[in-house]
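Report on the structure given below.
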Amino acid sequence: MAHPSDYMTSPRSQDLRQTMVDRQLRTFDVTDADVLSAVLAVPREPFVSGHVDSLVYSDAHLIVRGGQTRRRLLAPMFLARALQLAHVTPRDRVLDVGGAGGYGAGLASRLAHEAIALDDDRGFVDQADFAFRGLGLTNARAAYGDLAAGLPGEGPFDVILIGGAVEEEPEALLAQLADGGRLLAVRNGDSSGQMTLWERSGAAIGSRPLFAAPADVLPAFRRKPSFAF
């Protein structure tokens, strides 16, 4: 089994990352130099173990398995464009919610002061922790907890990224945004999904759609059933 750091210098992995940037990200309007640099610097293999390398860097929505959970990941081009539109700065604290093995937090750690990968499957938490340590991403860490609840004891966060779709407003997470903070998630999911940006300004929070992005709804963010009498 390869160590995470092996992929950083592997010519095969480097070539696949460059091809993904040139053929997927740039053609999807991902042009920010810092975001592209992060994608080129952080190999995806340690975060999605079990897939052949040609699929790891494809535009497919990979299925990954944690300890008890099966999850479909956002394609890298959607993730990279979301990070670009989040305008992550070196002062920011980023919370990546439900990103499975932690690839989103790994990318964010190259842009931000700190990145935390939160997941409710301990298998994914362990995988993210192993990848961060193996890749030397010292400002990234993994945390276990309820996705919808976030990490209220550790906020506020400047950027929160949800690695899937939501059917309702992620109210607990929005409450953890700093003033000027941004939350990005796919609203609704499936074929009608729209990557959406929520922004806090003082006590007010506004939202707007950014681009089409199909994604599975994360169970923690499903609409609560309503009862009619």
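What to note about this one:
- In the stretch 103-114, residue surrounded by the most Cβ atoms within 10 Å (Cβ to Cβ) [restricted to those that are under 23 Å from residue 70 (Cα atoms) and touching a strand residue (DSSP E or B) at 6+ places or on another chain (Cβ under 7 Å)]: 105
- In the stretch 164-189, the residues that are under 10 Å from residue 97 (Cβ atoms) reach residues that are of a type in the set (D, E, K, R) with C-beta atoms within less than 6 angstrom, at least six apart or across chains, in these pairs: 164/216.
- Each residue in the stretch 132-159 was checked for being touching an Asp or Glu at 6+ places or on another chain (Cβ under 6 Å) and under 17 Å from residue 181 (Cα atoms), and 2 of them qualify.
- Failed criterion for residue 84 (all others in (1) closer than 25 Å to residue 165 by Cβ; (2) in contact with a Lys or Arg (Cβ under 7 Å, 6 or more places away or on another chain) hold): (2)
- Filter result for residue 192 (at pLDDT 95 or above, over 22 Å from residue 117 (Cβ atoms) and among the hydroxyl-bearing types (Ser, Thr, Tyr)): no
- For the stretch 166-192, residues that are touching a Lys or Arg at 6+ places or on another chain (Cβ under 7 Å) and under 19 Å from residue 214 (Cβ atoms) total 3.
- Inclusion of residue 68 among residues that are at pLDDT 95 or above and surrounded by fewer than 23 Cβ atoms within 10 Å (Cβ to Cβ) is not warranted.
- Any pair with Cβ under 9 angstrom, 6 or more apart, that starts in the stretch 97-112 at a residue that is within 8 Å of residue 47 (Cβ to Cβ) and ends at one that is assigned to a helix (DSSP H, G or I) and polar (S, T, N, Q): 100/127; 101/127; 102/127
- Number of the exception - residue 90 against (1) assigned to a helix (DSSP H, G or I); (2) surrounded by fewer than 24 Cβ atoms within 10 Å (Cβ to Cβ): (1)
- Search result, residues across the stretch 125-136 that are out of contact with any His (no Cβ under 9 Å at 6 or more places or on another chain) and either farther than 19 Å from residue 218 by Cβ or touching a residue at least 60 places away in the same chain (Cβ under 8 Å) (or both): 126, 127, 128, 129, 130, 131, 132, 133, 135, 136
- Residue within the stretch 147-159 that is in contact with a helix residue (DSSP H, G or I) (Cβ under 8 Å, 6 or more places away or on another chain), among the hydrophobic types (A, V, I, L, M, F, W, C) and either closer than 20 Å to residue 4 by Cα or outside any loop (DSSP other than H, G, I, E, B) (or both) present: yes
- Where helices (runs of 4 or more DSSP H) fall entirely within the stretch 1-77, those with at least 1 residues that are free of Cβ contacts under 8 Å to residues at least 24 places away in the same chain and among the aliphatic types (A, V, I, L, M) are at 33-41, 53-56.
- Residue within the stretch 109-120 that is under 18 Å from residue 177 (Cβ atoms), of a type in the set (Gly, Ala, Ser), at pLDDT 95 or above and part of a loop (DSSP other than H, G, I, E, B) present: yes
The values are calculated or read from the model by the stated rules, or taken from the named source; none is laboratory data. Everything numeric here is computed off the predicted structure, so don't read it as measured data. Positions of Cβ are generated from backbone atoms using ideal geometry, with glycine treated the same way; all protein chains shown enter the neighbour counts.
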